[in-house]
Each structure stands twice: as C-alpha cells, then as structure tokens.
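Single-structure report; data block below.
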Amino acid sequence: MDLSMGTPVDPVPPVVREALAAASDSPGYPLTAGTSALRTAITEWVVRTCVASPGQPADGLGVLPTIGSKELVAWLPTLLGIGPGDTVVIPTVCYPTYEVGVRLAGATPVRTDSLTSLGPARPKLVWVNSPSNPTGQVLPAGHLRKVVDWARERGAVVASDECYLTLGWEEQPVSVLSPEVNGGRLDGVLAVHSLSKRSNLAGYRAGFVAGDPAIVSELLAVRKHGGMIVPAPVQAAMVAALGDDEHAAAQRATYSARRDVLRASLVKAGFEIEQSGAGLYLWATRGEDSWSTVDWFAERGILVAPGAFYGPAGERHVRVALTATDERVAAAAERLEI
Ligand SMILES: Cc1ncc(COP(=O)(O)O)c(C=O)c1O
C-alpha cells in the first residue's frame, strides 16, 4: 500500500479527456502566454476561488500557464534573475523543490517560518506554501498579510505555492491573491497553482502562476525564449478542467472520505496527527525518528514518506498521502488496526 507519494490514482475527468482529444490536431507552435480562452479560464477560476469577495474584478491580474507547477518552483529563482550572493526564504519543513530551485540559481536558501528571525536581511524571494506539503498546515490570512507587508518593505517577491488551496478540511486556506492578504494590490505577489491534484492532471503537466502583472510579463518574456511552453492540447484540457467545478468537488469528497478512514486508523494505532488541517497528507508522529516509523509501516506492507525528507525539523514525523484507491486505503486501515 503505497501512501508515500502524492500522485493521483483516480481517472482523468471525461470532460478534460474529451477536450484534450479534440485538440490533438495541433501542428503549430502553441502560445507561451496561453490561448486567450486559457487566460480567461485561469482568470475566472482565480476570481472564483482565490479572491475573497467573489465578483470582484481581477483588474490587472497577470496569468501564465506552466508545465505543471514543479518546473516553475524549480526555475522561479533563476527566471527572476536571482543568483549567487542572494538569499531565498523557504519554509522550515517543505517540498524539496524549493531548495533545489534556489540551488539551481546558485543562491542561498534560508529555512525559516518567522521572518522576524531574519533581522535586517533582504532576501530576494520568500516562498510560502499553504496548505503545506508535507504538514497540511494552513497559514491564516493575518500571517500571510504580515509576510506580504514584510516582503514589500524589502523589495522581495512573495511566491505562494497554493496547489492544495481547494483541499481545506478543518481549516480553510486563504490565497495570497485575496485582498485580505494583499490589501487589494498585486505588486510583489505571485500565486502558484496546479491542476495535478484538483483535476487528476499530474500526467498532463498543467499549472499556472497568477499575480503581479509586471513580474508575470517578465516571466513570460524569459519563458518564451526558453521554450517553456504548455502543449496546445494540454492548454485546451486546462480550459475544460478550470471551467468545471463539479469533478473537482467529487474528487475532493473522495479524498475527504479516504482521509477520515486513514486518520481514524492512525489514531487507533497510537499516532498523533499534527497540523494536517488541509491538503493531501496526514502529518503523523509517535515521537520517534521518522525512519523507525517508516520501518514500522513497512513491516505492515505500507509505504509512507519520512519527515526528514522535508527538512531537519521533520525528522520525528511521517507523511501519509491520501492518494491511494479506496481499496488500498481500506487495506492499509485494516493493517494498521491489527
Ligand atoms: C507543494 C507542492 N508544490 C508543487 C508541486 C508540483 O506539482 P505539479 O508539478 O504536479 O503541478 C507539488 C507536488 O506534489 C507540491 O506538493
């Protein structure tokens, strides 16, 4: 029972597959900026989902499709011209690609969740990830607001990885694009989104970045010349996926049910579930080294990810993914309860 990776296992929604197939005759080069249909679909989705007061126009919002969001995470520091001598803030416990991206640019990562600990330092970029992979932690609007204010004072860009935004359980995540967080201004903020989890499109590679129009147009200029272009059939599939909230709601309900089963069994087996208020993972601990816990699960035929993968502060937790079929989740629950 592989609960170690956050890779979708449920089918791609038919409405999305049909759009992909219908666009398969695409001999010409696609637009790096995305078709106008795609830019509209992204903007409408962002206004619906990320902006706190629905109906508020997304005046001046910059949007740009990406080839999944991982490549953007890995290349954003480079694309922004960040390099040796620069620092980039990443969360204490986080998705490994933030650090990879900083190192690819030759810059220095600083792991912290408290910007005040940085003193007078002037990082070029601050990554936040709410809901978090791996912990499921949700950053409240007030916290995000402080991060944005702090970064604006220092001329740093805030990149908010929001790929689990629509998977709030006990807590409701807030986007950096919400006026509650950015004060109704987009300068210095970028939100990074993915269709991998919402629409089971990890295999298509479909994501986007939205926010400060000046930064987005710089990214577009560099990405255009760098050949970082979303294939035309995938662009068409993204339009269909973003325009349909029904499949996303059904997928969310599926994850919610799997989460309930796994959570109850983990608690019965003596684990404490910490944070985990949203997202696709349960962050579990028995107060021991994460590799010993991984072994304990392996003896029961279950794979989980050691918290140490996500930074030294994660070394007493394991990450349990909700991305296994109902049958595999039930089997894992049974093994946990023996
Ligand atoms: C926090 C976070 N960001 C980005 C990604 C990349 O997702 P994708 O490249 O499929 O859009 C993942 C994938 O698991 C993730 O957990």
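Miscellaneous remarks
- Taken along its three principal axes, the alpha carbon spread of region 15-244 comes to 55, 38, 32 Å, from the longest extent down to the shortest.
- Region 1-76, relative contact order [Cα under 8 Å, separation at least 6], %: 25
- Residue 2 paired with residue 256, simple spin-label distance in nm, labels 7 Å along Cα-to-beta-carbon: 2.8
- Dimensions of region 246-337 from C-alpha coordinates, computed as largest minus smallest value along each principal axis and given longest first, are 41, 26, 18 Å.
- Listed peptides 274-283, 188-197, 310-319 by packing density, highest first (mean Cβ within 10 Å): 188-197, 274-283, 310-319
- 20 Å cut-off, amide nitrogen to a point 7 angstrom out along residue 218 Cα→Cβ, residues in region 81-96: 81-90
- Contour minus Cα-Cα distance for residue 10 and residue 103 (0.36 nm per residue): 30.1 nm
- Cross-link partners of residue 124 among lysines, defined as those whose alpha carbon lies under 17 angstrom from its own and excluding same-chain residues fewer than eight positions apart: 146.
- Charging the Cβ of each Asp and Glu at -1 and of each Lys and Arg at +1, and nothing else, the dipole of region 59-164 about its Cα centre rounds to 240 debye.
- For the chain, the relative contact order is 26 percent, taking Cα pairs closer than 8 Å that sit 6 or more residues apart in sequence and dividing their mean separation by the residue count.
- Counting only Cβ charges, +1 for Lys and Arg and -1 for Asp and Glu, the dipole size of the chain around its Cα centre is about 540 debye.
- Between residue 114 and residue 21, the contour length at 0.36 nm per residue exceeds the Cα-Cα span by 28.8 nm.
- Ordered by the count of other Cβ atoms within 10 Å of each Cβ, fewest first, 42, 90 give 42, 90.
- In region 15-244, the DSSP beta bridges split such that about 40 percent are antiparallel, to the nearest 5.
Each reported figure results from applying straightforward, stated rules to the coordinates on display, with no laboratory input. Just so you know, these numbers come straight off a predicted model, no measurement behind them. For neighbour counting, all protein chains shown are included, and Cβ atoms are generated from backbone atoms with ideal geometry for every residue, glycine included.
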